[in-house]
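The values are calculated or read from the model by the stated rules, or taken from the named source; none is laboratory data. These numbers were taken from a predicted model, which means no experiment stands behind them. Every residue, glycine among them, receives a Cβ derived from its backbone with ideal geometry; neighbour counts consider all protein chains shown. All accessible areas refer to the heavy atoms of the entire protein, side chains included, with ligands and DNA or RNA removed. Shrake-Rupley method; radii C 1.70, N 1.55, O 1.52, S 1.80 Å.
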Amino acid sequence: MKIAVLGAGPTGLYFAISMMLRDASHDITIYERNAADDTFGWGVVLSDETLAALAANDPVSATTIRESFAYWDDIRVVRGAEEITTSGHGFCGIGRMRLLLLLQDRARELGVTLHFKHNVDDAEFDRIRAEHDIVVAADGLNSRTRARFEDAFRPEVDMRANKFVWLGTKQKFDDAFTFIFEKTEHGWIWAHAYQFDGDTATFIAECSHKTYDAFGFGTMSQQDSIAVLQRVFAAHLGGHALMTNANHIRGSAWISFPRVICEKWHHDNVVLLGDASATAHFSIGSGTKLGLESAIALANHLAAGGDLAAYQEERKLDVIRLQSAARNSTEWFEDVERYLGLDMVQFNYSLLTRSQRISHENLRKRDPEWLAEAEAWFQKSAGGNGSRRPMFAPFVLRNMRLANRVVVSPMAQYKAVDGNPTDWHFVHYAERAKGGAGLVFTEMLCVSPEGRITPGCPCIGPGQEQAWSRLTAFVHAETDAKICAQIGHAGRKGATKLAWDGIDQPVAEGWPLISASALPYLPVSVVPKAMDRDDMDAVTAEFVAAVTSADRAGFDMIEMHAAHGYLLASFLSPITNVRTDEYGGSLENRLRFPLEVFHAMRAAWPAEKPMTVRISAHDWIDEGVTPEEAVEVARAFHAAGADAINVSSGQTDKAEKPVYGRMFQAPFSDRIRNGLDVPTLLAGNIYEPDHVNSILMAGRADLVLLARPHLADPYWTLHAAVALGDTEQAWPAPYEGGRRQANTLAERARG
């Protein structure tokens, strides 16, 4: 093949090397607009995984690269006068200039032609494209190729909020990858520092845009801003200066990071590679990793026949995963001031797990001694003892003390008869209470027959008190669990079929529906009546009656359901609330009726018992509730007396476009908990003990709800304790023999 590569960065060079290794008869030419020894970065960080991929692809260049690496095992986090160092992280760094020269030599050795100081304009690009089988655009973050064929590649460029500047220093930071957080007169500034050769380290300074503006970095010369940073970080630089290699830039060298992702990576015989197609934030050190691994994959596909669509399909998932981790890390640093008040142990843990790629048990493999100390700190802070996992720490809301932080999430069963719970409900909830969870939620208990989602949904009122009392009495007598009644009204989402008969489809003989506005949930749904004042008064009275019944039935806690597009949620979201009176429009108005109901419920509920509110923190729809607005919703309910906020998202309208993933709602809970200092409950694709422990230890929530795992295994908590080697978890007395055998078998398997 005759191949042209635009850009002689690590990705472009390594692609050319990889192609020549597969067939030495290829004719490959690289065009680079800069000189061979120009580089505007400092060090590059690579993982052991990437090194293994390089060694498998080209042992020769991998060996020369490895010989130039600086290795370190520790991460040190410094916040003012406090610091913590953890081990077992296994990083290696190499100077970007050194890496480029090594790859240039290897490319020439294999027969690649390199042209430096060669700027390819549009006319030459067209000629090159016509004369070559493939044109690989590895022309970087500001790719001219991507911009020229924007309609074909359909890029999305998200300019991130923080400002940063990429510097170097002779203070080597040779014993640890170091994060330094310093509070200044204008706000916090932090640094990412790591060694990359025998006497030099990368030093990236970062801050919020607000702090950047307050210092006036944007109007300073590079040397003036460096002088400020040297003063801020003087205690850590050991008398060494900070250095720039961006003298080609006029004025400030501070920039914002653009997150780039292209819908399509290829157009005719042109293919994007590396930062031209997708970027990964420097805070996870994976931009070069992404480029090198994509270079190998592209070479494989071209060698196998040149299917560019298959190349994109293969790499897309890995790129999305890495960009998701990078997004989590980026947002953590953008919101870092939210965490700087955490205890240093929790702050350090939060930083280490910010991308959600490093799990709780992975940290144990890296540094078991530190993690054990951190778990002991968590237990002590929670009023427990020992160093059990965070999920087994107690938690207190008002007078309710939970034995652990695992919660059985509300899950509709559709097994009620005329609104009345049946033996199915008794067995279902009793089994999960026996299963070791600290708290068990009922499904949404409807305040009236007209408030049901389906004919199979249960209610809570005088007629149901005896059945619910039977359940709560069993839970209290036979288990350590507490039990919560979630109370709600379906609103416009009511009068639908059972889930297995046609979810969200209207029943043949339904009942009248009400909502904030006369908007049907689906085109085939019943159009609800927009509530008037009489409707509001009647519904409020129904909620109060439900609360009174829940108390008489012996529930330990209640939750007002104001999420997922149900009645109260329909007032909160501008998607479902288009009212023009005092209950619509501004957030203050949209909150008015749900707060009226909350105040009435709280007044009817005993003062010693806790009450929570479930909200949808993101509608996943343009013009809907955003995570930022959800903070204000949570603030209002907490101020009204809510003891905690149950953070969920979506299900407001079928037009939603949610972005799923492991623990995908954790950022919403994190924002509310740490932004408002309010306890939160969290659900959402959480299915492993590792997920629970990492969420709790990082301070992203106080209680963790699991739904489907508890459908699959009512004894999820007991089995999790066995898997983790926790022998302190209590089992029901009649099951003692099973506990002993399970722990013995687990210990034998670990041995």
Residue that is nearest to ARG614 (Cα to Cα), among those in the range 498-511 that are assigned to a loop (DSSP other than H, G, I, E, B) and in contact with a Gly (Cβ under 9 Å, 6 or more places away or on another chain): LEU498
Qualifying residue in the range 648-655 (condition: touching a Leu at 6+ places or on another chain (Cβ under 6 Å) and not in a loop (DSSP other than H, G, I, E, B)): no
Tally, over the range 557-572, of residues that are crowded, with 23+ Cβ neighbours inside 10 Å and more than 17 Å from CYS459 (Cα to Cα): 6
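Rundown of residues vs (1) hydroxyl-bearing (Ser, Thr, Tyr); (2) part of a strand (DSSP E or B); (3) closer than 15 Å to ILE296 by Cβ, yes/no style:
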position: ALA8; (1), (2), (3): no, no, no
position: LEU13; (1), (2), (3): no, no, yes
position: ALA16; (1), (2), (3): no, no, yes
position: MET20; (1), (2), (3): no, no, yes
position: ALA24; (1), (2), (3): no, no, no
position: ILE30; (1), (2), (3): no, yes, no
position: ALA35; (1), (2), (3): no, no, no
position: VAL44; (1), (2), (3): no, yes, no
position: ALA52; (1), (2), (3): no, no, yes
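The rows are residues; the columns are (1) in contact (Cβ under 8 Å) with a residue 60 or more places away in the chain; (2) of a type in the set (A, V, I, L, M, F, W, C).
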| residue | (1), (2) |
| --- | --- |
| PHE543 | yes, yes |
| VAL547 | yes, yes |
| GLY554 | yes, no |
| HIS561 | yes, no |
| ILE575 | yes, yes |
| GLU582 | no, no |
| LEU587 | no, yes |
Which listed residue, of GLN223, GLN171, GLN195, is surrounded by fewer than 20 Cβ atoms within 10 Å (Cβ to Cβ) and not hydroxyl-bearing (Ser, Thr, Tyr): GLN223
Search result, residues across the range 434-447 that are open to solvent by 10 Å² or more (accessible area, probe 1.4 Å) and not in a strand (DSSP E or B): LYS434, GLY436, VAL447
Scan of the range 311-329 for residues that are open to solvent by 10 Å² or more (accessible area, probe 1.4 Å) and either under 10 Å from the mean Cα position of the chain (by Cα) or under 23 Å from TRP190 (Cα atoms) (or both), ordered by number: SER324, ARG327, ASN328
Of all residues in the range 600-629 being within 20 Å of VAL678 (Cα to Cα) and among the acidic types (Asp, Glu), the one that is farthest from the chain's Cα centre (by Cα): GLU608
Of residues in the range 651-682 being crowded, with 24+ Cβ neighbours inside 10 Å and of a type in the set (Gly, Ala, Ser), the one farthest from ARG602 (Cα to Cα): ALA666
Residue in the range 12-52 that is nearest to GLN104 (Cα to Cα), counting only those that are of a type in the set (Ser, Thr, Tyr) and at pLDDT 95 or above: TYR14
Residue, farthest from ARG452 (Cα to Cα), within the range 467-516, restricted to residues that are among the aromatic types (Phe, Trp, Tyr) and open to solvent by 30 Å² or more (accessible area, probe 1.4 Å): PHE474
Single residue of the range 97-113 satisfying the filter (in contact with a Ser or Thr (Cβ under 8 Å, 6 or more places away or on another chain) and open to solvent by less than 50 Å² (accessible area, probe 1.4 Å)) that is nearest to VAL270 (Cα to Cα): VAL112
Hey, GLU582 in a helix (DSSP H, G or I) and open to solvent by 50 Å² or more (accessible area, probe 1.4 Å) or not: no
Residues of the range 400-411 that turn out to be in a loop (DSSP other than H, G, I, E, B), aliphatic (A, V, I, L, M) and either at pLDDT below 95 or open to solvent by less than 50 Å² (accessible area, probe 1.4 Å) (or both), as a count: 1
Residue identified as among the aromatic types (Phe, Trp, Tyr) and out of contact with any His (no Cβ under 9 Å at 6 or more places or on another chain) among PHE217, PHE257, PHE282: PHE217
Options THR472, THR454: the member that is more than 15 Å from GLY554 (Cα to Cα) and among the polar types (S, T, N, Q): THR454
